[in-house]
Amino acid sequence: MAHRRIEMGINVPAAGTGTSWEIAATVHLPVDPAPDLPVIVALPGGGYNRHYFDIAEPGYSEAAAHAERGIATIAIDHLGAGDSSIPPPDVTSLETVAAANHAALQSILTRLRDGTLRPGIAPLRPSAVVGIGQSMGGHALVAMQAHHRSFDAVAVLGSSMVCTTMPMRPGEKPIFIPKDATPAEAAVLTIGGTDWPWVFHWEDVPPALVDADVSGGMPIRGTAPAWGSLTTPGFSTTLVLPGVVAAEAAAIDVPVLVAMGERDVCRPPIEELAAFSSASDRALFVAPRMAHMHNFAGTRRLFWNRIENFVDQAVSLRKALGYCIVTKPKF
């Protein structure tokens, strides 16, 4: 589907160094954007980059599908992943990555509103800015919202706020992680005990796509496809521990969509929904015949449609209530 892709490298302050990092982003615009079009901000999971939202196979680009509905997508590579700057892992904490993502996003939104994104693109004033985060990207998303109030609404996609839990094939024993395990020990146990192709891909995903996604190693890649990243932010090693983002999730007071596949890495859906105890509106969606990497599944358009409906809801609410992003965080 035809839409415009604008590649960007945004300089953001490098915490405590007096220098800067670069955050890579792609802005996907409809060919003829409405001046008040809604904007989705898309954050990828661990081992993936921003091109996960624009997979170059016919019918697999989420950003293109949203553009066809008149929605812009800003896909961002986290600090420490993809084409963004790669500081040492001990630098890329959840808070630092969230701050870098937020700074890059604000720069892009300012350029959209000022008409300085690219020559020939008129000023655009988004009717709503909705964050979506897949897997690890959902943890970065909730940190951005809790600490910086980056969005009018947020959708966490296959991202557990309670405890990342790997599904097991029927008959297999679940992975046991001792309560006193360090983040590194927990990560090793999880990596070694997970059937990654089965967890990540439903049985209807074309074998060539599954092979392209996992053949270079998973979740730590030796080689990466176009949508993959050889590096992940340092905070990713903590995400298999219970409650690592519970406080951030509980602080969010905008509308929240919790969405996941039928086979995913989350706790039971009602537990995940309950994590957002302050949200003004909580919605839940479980996509059938879908595993953790949603954008490869045969039911991906059903998933994308649910996200678009959530965006429509955020736009309607903002128009009805005169809602706007509050600049002072509650967290």
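The values are calculated or read from the model by the stated rules, or taken from the named source; none is laboratory data. Keep in mind that what you see is a predicted model, and the values were worked out from it rather than measured. Counting neighbours? That spans all protein chains shown, and the Cβs are built from the backbone with ideal geometry, glycine included.
Descriptive notes on the structure:
- Of the listed requirements (1) in a helix (DSSP H, G or I); (2) farther than 24 Å from Val244 by Cβ; (3) touching a strand residue (DSSP E or B) at 6+ places or on another chain (Cβ under 9 Å), Ala100 misses just one: (2).
- Which listed residue is at pLDDT 95 or above and more than 26 Å from Ala2 (Cα to Cα), from Leu43, Leu94: Leu94
- Val39 fulfils the conditions (1) more than 15 Å from the chain's Cα centre (by Cα); (2) farther than 26 Å from Asp213 by Cβ except for a single criterion, (1).
- Considering (1) over 18 Å from Asn11 (Cα atoms); (2) part of a helix (DSSP H, G or I), the lone condition that Val130 does not fulfil carries the number (2).
- Scanning segment 215-227 for residues that are touching a helix residue (DSSP H, G or I) at 6+ places or on another chain (Cβ under 7 Å) and at pLDDT 95 or above, we see that the one that is surrounded by the most Cβ atoms within 10 Å (Cβ to Cβ) is Trp227.
- Only one of the numbered conditions (1) surrounded by 15 or more Cβ atoms within 10 Å (Cβ to Cβ); (2) more than 20 Å from the chain's Cα centre (by Cα); (3) at pLDDT 95 or above is violated by Arg318, and that is (3).
- Number of positions in segment 1-32 that are in contact (Cβ under 8 Å) with a residue 12 or more places away in the chain, closer than 16 Å to Thr92 by Cβ and not small (Gly, Ala, Ser): 5
- Scanning segment 274-283 for residues that are surrounded by fewer than 18 Cβ atoms within 10 Å (Cβ to Cβ) and not in a strand (DSSP E or B) turns up Ala274, Ser277, Ser278, Ser280, Asp281.
- Selection count where residues are buried (at least 16 other Cβ atoms within 10 Å of the Cβ) and either in contact with a Ser or Thr (Cβ under 8 Å, 6 or more places away or on another chain) or touching a residue at least 12 places away in the same chain (Cβ under 8 Å) (or both), scope segment 108-125: 6
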